[in-house]
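Presented below is the structure to which this report refers.
The values are calculated or read from the model by the stated rules, or taken from the named source; none is laboratory data. Keep in mind that what you see is a predicted model, and the values were worked out from it rather than measured. Note that each Cβ is placed from the backbone with ideal geometry, even for glycine, and that neighbours are counted across all protein chains shown. Just the protein is used for accessible areas: all its heavy atoms, side chains included, with ligands, DNA and RNA removed. Shrake-Rupley method; radii C 1.70, N 1.55, O 1.52, S 1.80 Å.
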Amino acid sequence: MKIITYDQISNAVIDLITHAASNLPEDVAESLGNSLNIEISESGKSVLNKIIKNAEIAKNENKPLCQDTGLAVFFVEIGSDVKIEGGTITESINEGTRRGYEVGYLRKSTCDPLTRKNIGDNTPAIIHYEFVSGDKLKILYAAKGGGSENMSRIKMMKPSDGIKGIIDFAVETMEIAGPNPCPPNIIGIGIGGNFERSAVIAKKALFRNIGTINHDKELAEIEKTIYKKVNNIGTGPMGFGGVCTVLAVHIIKEPCHIASMPVAVNIECHSHRHTEIIL
Amino acid sequence: MEFKKIKAPLTEDVIAGLKTGDEVLISGTIYTARDEAHRRLTALIFENKPLPFDIKGQIIYYVGPSPAKPGEVIGSAGPTTSYRMDKYAPVLMEYGLKGMIGKGKRSIEVKDAVKKYKAVYFGAIGGAGALIAKSIKSSKVIAYEELLSEAIRELTVEDFPAVVVNDIFGGDLYDEGKSKFAGKFK
């Protein structure tokens with residue numbers, strides 16, 4: 001049995017949150033750099049250069065990449081040989097979130113959905129748990145902004161809609177989103193599961209590093225098709241026109257009900273702040 | 001790329017010279033407001049009460065900055081998505097608002113009001129909050145402090161970078177840009 005303490009977890013969460021806020025991950029930085037070679041629109045290139053410059057300033061001045069420092073989203077893999085002492089894991093993650101957003105001078109963006117009153121400390125974090133074998137605790141973190149989340153969609157499709165239906169729905173979602181979710185975007189698509197599960201795996205798909213290939217050949221093909229179609233919409237960086245509307249399309253599928261075909265399209269902005277730690 | 005340097009507050013002459021796609025650098029005084037501040041401002045107008053600042057000729061920047069660290073003027077300060085303010089923007093333009101800075105598409109009602117009241121909608125780069133903060137030289141909360149990052153702030157800006165999205169001639173950069181590059185990805 002490996003013992004991991006409440007404080008170890010909350011301290012790790014503080015590090016994840018404060019680091020992610022001002023350090024653009026390598027896979028995203030590299031992809032933005034590559035997109036400069038792909039983009040043909042002058043205003044698109046100008047936007048991409050400013051985004052790259054912004055990342056330099058954020059890193060050098062330890063300033064948030066974006067004022068929307070997101071809701072704190074976690075995917076936690078808990079090994080069966082891990083014992084957590086000193087409190088529950090949910091409490092420790094929320095404690096780390098509360099303190100991370102405070103010490104990092106990050107914006108607190110959680111509020112009551114009806115009164116709109118700010119909660120004041122960016123809790124509760126959104127946490128998804130998976131129980132795995134082994135003696136490790138793996139925490140994946142993303143600071144998820146509201147602008148791109150707002151343009152995400154879910155649809156309970158008919159099995160007869162098929163792969164073409166899925167592709168059309170994803171492209172249509174990006175067509176409707178246009179400039180709003182801060183393109184160039186990353187698209188996470190969840191196919192299958194049920195209503196809520198499709199959304200969770202769509203979010204999880206965002207965590208895959210840009211540039212990696214889907215092990216499922218059929219999904220890899222669908223990703224490629226959606227990537228091409230979305231970049232032909234014309235939206236471009238920040239919507240000012242161009243061919244770099246999406247940096248990557250990532251799909252996860254799971255079995256679903258024989259009557260259903262749930263599809264969730266989760267859009268992420270170019271400021272794709274994701275990181276992870278293994279305890 | 002040629003930049004047009006303009007002063008805030010805006011005059012009708014300046015606005016008449018702005019066209020969709022123009023890259024501008026804004027200097028002067030601008031105000032921040034997001035969802036709840038907009039709801040409150042329009043409520044004041046409907047109740048015939050004075051606004052916390054004279055809105056005539058002003059630019060409102062849709063932003064909720066991250067907290068400033070000690071010694072900083074402001075935290076990260078890029079634009080938020082504008083459509084959430086669409087419900088409120090036309091009445092503010094009717095009462096003298098001349099400019100808006102945000103990101104993303106506006107409603108037909110907002111675009112019509114931009115033409116009717118001779119105003120302008122600028123797009124700033126979302127997710128470039130650290131870069132944009134460099135052009136903000138002072139920041140002071142002037143109303144609704146309890147809204148935290150959503151309070152109304154008076155900002156002094158110098159060469160704030162933005163692009164004209166909707167002009168008084170009915171232009172829309174998002175529509176124009178999209179139709180120009182649709183189908184061009186190889």
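Here are some conditions: (1) surrounded by fewer than 24 Cβ atoms within 10 Å (Cβ to Cβ); (2) more than 12 Å from chain B (Cβ to nearest Cβ). Residue A:251 meets all but one. Which one does it not meet?
All conditions pass for residue A:251, except number (1).
Looking at B:135, B:139 in this structure, which one is open to solvent by 20 Å² or more (accessible area, probe 1.4 Å), under 17 Å from the mean Cα position of the chain (by Cα) and within 14 Å of another protein chain (Cβ to nearest Cβ)? Steps first, please.
Numbers: B:135 fails: open to solvent by 20 Å² or more (accessible area, probe 1.4 Å).
One residue alone meets the criteria, B:139.
I need every pair where a residue in the range B:97-119 that is farther than 18 Å from residue B:162 by Cα has its Cβ under 6 Å from the Cβ of a residue that is open to solvent by 10 Å² or more (accessible area, probe 1.4 Å) and of a type in the set (Gly, Ala, Ser), sequence separation at least 6 or different chains.
These pairs meet every condition: B:115/B:170.
How many of the residues in the range B:1-11 are at pLDDT 95 or above and either open to solvent by 20 Å² or more (accessible area, probe 1.4 Å) or in a strand (DSSP E or B) (or both)?
Step one: filter the range B:1-11 for residues at pLDDT 95 or above, giving B:4-11.
Narrowing further to those that are either open to solvent by 20 Å² or more (accessible area, probe 1.4 Å) or in a strand (DSSP E or B) (or both): B:4-9, B:11.
Looking only at that region, the number is 7.
Here is a yes/no grid of residues against (1) touching a residue at least 60 places away in the same chain (Cβ under 8 Å); (2) under 17 Å from the mean Cα position of the chain (by Cα); (3) open to solvent by 10 Å² or more (accessible area, probe 1.4 Å):
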| site | (1), (2), (3) |
| --- | --- |
| A:136 | yes, no, yes |
| A:150 | no, yes, yes |
| A:183 | yes, yes, no |
| A:186 | yes, yes, no |
| A:198 | yes, yes, no |
| A:202 | yes, yes, no |
| A:206 | yes, yes, no |
| A:220 | no, no, yes |
| A:225 | no, no, yes |
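Quick grid of which residues meet (1) surrounded by 23 or more Cβ atoms within 10 Å (Cβ to Cβ); (2) aliphatic (A, V, I, L, M):
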| position | (1), (2) |
| --- | --- |
| B:18 | no, yes |
| B:26 | yes, yes |
| B:29 | no, no |
| B:62 | yes, no |
| B:77 | yes, yes |
| B:88 | no, no |
| B:96 | no, no |
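When the residues of the range A:1-37 are narrowed to those that are over 22 Å from the mean Cα position of the chain (by Cα) and crowded, with 18+ Cβ neighbours inside 10 Å, which ends up nearest to the other protein chains (Cβ to nearest Cβ)?
Here the residue is A:6.
Residue by residue, here is whether (1) within 13 Å of another protein chain (Cβ to nearest Cβ); (2) modelled with pLDDT of 95 or more; (3) open to solvent by 20 Å² or more (accessible area, probe 1.4 Å) holds:
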position	(1), (2), (3)
B:146	yes, no, yes
B:154	no, yes, yes
B:162	yes, yes, no
B:165	yes, yes, no
B:168	no, yes, yes
B:171	yes, yes, no
B:174	yes, yes, no
B:178	yes, yes, yes
B:181	yes, yes, yes
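Pairs needed: first member in the range B:1-18, within 16 Å of residue B:100 (Cα to Cα); second member anywhere, open to solvent by 90 Å² or more (accessible area, probe 1.4 Å) and in a strand (DSSP E or B); C-beta distance under 8 Å; at least 6 residues apart or different chains.
B:14/B:7
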